[in-house]
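Novice: Below: one structure in C-alpha cells.
The values are calculated or read from the model by the stated rules, or taken from the named source; none is laboratory data. Just so it is clear, the structure is predicted and the values come from calculations on it, not from any experiment. Here the Cβ positions follow ideal geometry from the backbone for every residue, glycine too, while neighbour counts run over all protein chains shown.
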Amino acid sequence: MEADLNLQFPDIHTEIDVLTQTIVVSGDEKKVRPKTFQLLQVLIEADGELVSKETLLKTVWDDVVVDEQVIFQSIKELRKLFPGQTVIKTVPRKGYAWLPKAQIPIDQTPTKHTWSSNKLRIFGLSIIALVLLLAFISSNQFNAPAKVSGSIVVLPVQSDIPVNDLSWVRFGVMDQVIGRLKSTQQAGVLQTDYVLDVLNRAGVSMEDASVESIPSIFNVSGAELILAMRLAGNPNDYQIIYSLYQRDNVEKGVVLDVSVQAAADQVAELVGKRLSPDYTIPTETYTSSFSDRLIAEALEAKYSDSKNTAVKILEAAALASPDDLVAPRLLVQMLVESGAPLEQVQKIALPALQLAQQRERAVEQIRLGFWLAMSESMHSDPAQGIQRLEEVRTLASSINDWLYLAYIEEIFGQYNQQLQSFSAAQNHYDQAMEYHRILRCPLGQSNTLMHLSRLAYAEQNPKLALKKAQQALSLIESRGLNNKLPQAKQWLGKLRDKAHSDN
C-alpha cells in the first residue's frame, strides 16, 4: 500500500485497509458486512476510548431506523474474526472500545507511529491521495460510473417493433439482462418474478412501466437503480434505448446490434460496471425461459388475479418443455402459496430440483428448495423443512442472494419463536433485517419489524412490541405498501387495547 490507510496491528497479526475495506488476519482475508466495517472504523478512530451505543447508531446507521441489536450483531461478527483474543472491550451501559494499537507500515511513513498520534497525518495523506486521484480523472477525462449499493430493478421491455408476439421481448430481454448480472456484497439484483411482484405492489402495469411510474417503483421497492428499456429498429439493425434511473438523476443512452440478444448483453454490461468495475459479460450464451409464450401468459394471468388459470398454463408449460426450470419453479411457488398437498408439490419440485442441481442453476435450486421446504414444514415435519433450508441458505450465501437469505432467516426466527427459543429467534430476525437493508427493501423491513413486534409480545415486553409495530406501520404508510396496512393496523390495535386494559 502507498498513501492509503493501511493499518497494521502486530499484537493480533492483523492488517486493515480502510479504503478497500479488507481485513487480513494471520494472512487470511476476512469478509465482514459494510456496516460492520464502518463500526470497526469508528472504534479504531476512538483510539481506545469508549464509544457509546448512541454514537455508533448515529454514525453507522444514520440512514435507517434500527435498534441496539444491530450493534450487538456487528460486535459479535468482529469478535469472531479474532478467536481467543480480546479485541473489543464492553462496558455495560456505556459503550465499546477497540483495544489493539495500530501502526502505519514503515513503508508508508519514515517511522512507526500509533493511530492516535497520526490522525492528522493520515487524514492529510487521504486528502492528498484524493486530490491526486481527482486530478488524474480530470486530466484523462475519465468518467467512471458510480458504484451501486442497494437493489437493482430491471423493468419489462417496451417495444416499438410491430411483431405478433411481444412476450419474448417484454420478459425475455428483461430476464436476459437480469440473468447476466450478479449480486455483490453491497447490492442485490432482483430476479424477474420478484420485479413483477414489485410492479404489482406499485400498481404499475407490466405492459407500460412509464416514466411517471418510476417514483412509485422507487418508493415500494427501495431500489437504488432502475433500468428501463425500449426496443426499436429493424431486423439486423436493432436498438435498445435505455434509461438508468437513480433517485436524483437519470442517465440515458442507446446501444445497437444485429441481434436483440447481443444488444441486451451490451446493456447488461453497462449495468454490470455499476456493480463491479471489472465486470465482463459471461461467454456462454444465455437462454431465457421467460421468453416462452406460455410463461408470459401465465405471468399475465397471475397478476390479473386469475391464479387458477396461471397454474393451468404453468402446468402446460412444464409438460411442453420438460427440460425447462422456470415453469416448474413458478408452479411450485404458486401451489405452496395456495396450500396444495405436499405430494402434489413434491411431484413437480423434486425432479426440477434434481435438474437444477445437474445444471448448476443456483437461482433455481434456491427457489425450488425454499418452496419445497415451506411445503414440508406446513404438511409434514417442520424439522425436515428447516434442515432443507439450512442447505438452501448455504447456496444462497454463495451467490449473495440477499432476498432469499432474508426469507430463510425469517423462517428460522419463526421456528425458534414457536420453540420459545427467543434469543435465537431475535438473532435470526436481526440477520433478516440486515439482508433486507442491503436491498433497502421496505416490504422486507416492515415484515421483519412485525416479526420483532410479535417476538417482543411473546416475551411479555408490550412496550417494545408496540414500538416495533409503530415502526412497521410508519414504514408501510410512508412507502405506500397499501396491501400491508390492514394487517399492521389490526396488530397495532390489539397491542394498544392490551396496553389500555393493563392500565
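Novice: Could you say whether any residue in segment 459-466 is surrounded by 22 or more Cβ atoms within 10 Å (Cβ to Cβ) and over 18 Å from Asn416 (Cβ atoms)?
Specialist: Checked segment 459-466: no residue is surrounded by 22 or more Cβ atoms within 10 Å (Cβ to Cβ) and over 18 Å from Asn416 (Cβ atoms).
Novice: Right, another one. Can you tell me which residues in segment 391-429 are over 19 Å from Ile152 (Cα atoms) and not in a helix (DSSP H, G or I)?
Specialist: Leu419, Gln420, Ser421
Novice: Out of segment 419-442, which residues are in contact (Cβ under 8 Å) with a residue 24 or more places away in the chain and either assigned by TED's automatic domain parsing to the domain that holds Ser377 or farther than 25 Å from Val32 by Cα (or both)?
Specialist: The answer is Gln420, Phe422.
Novice: Looking at (1) free of Cβ contacts under 8 Å to residues at least 12 places away in the same chain; (2) closer than 29 Å to Gly203 by Cβ; (3) not in a helix (DSSP H, G or I), which is the one condition that is false for Ala340?
Specialist: All conditions pass for Ala340, except number (1).
Novice: Which count do you get for residues in segment 225-239 that are modelled with pLDDT under 90 and not basic (Lys, Arg)?
Specialist: 9
Novice: Being at pLDDT below 95, outside the structural domain of Ser74 (by TED's automatic domain parsing), touching a helix residue (DSSP H, G or I) at 6+ places or on another chain (Cβ under 6 Å) and surrounded by 20 or more Cβ atoms within 10 Å (Cβ to Cβ) narrows it down to one of Gly369, Gly385, so name that one.
Specialist: Gly385
Novice: Mind counting the residues in segment 196-224 that are crowded, with 18+ Cβ neighbours inside 10 Å, closer than 18 Å to Lys307 by Cα and within 19 Å of the chain's Cα centre (by Cα)?
Specialist: Within segment 196-224, residues that are crowded, with 18+ Cβ neighbours inside 10 Å, closer than 18 Å to Lys307 by Cα and within 19 Å of the chain's Cα centre (by Cα) number 4.
Novice: Of the residues Ala317, Ala301, Ala310, only one is crowded, with 22+ Cβ neighbours inside 10 Å and either in contact with a Leu (Cβ under 8 Å, 6 or more places away or on another chain) or not assigned by TED's automatic domain parsing to the domain that holds Asn200 (or both); which?
Specialist: Of the residues listed, the single one that is crowded, with 22+ Cβ neighbours inside 10 Å and either in contact with a Leu (Cβ under 8 Å, 6 or more places away or on another chain) or not assigned by TED's automatic domain parsing to the domain that holds Asn200 (or both) is Ala317.
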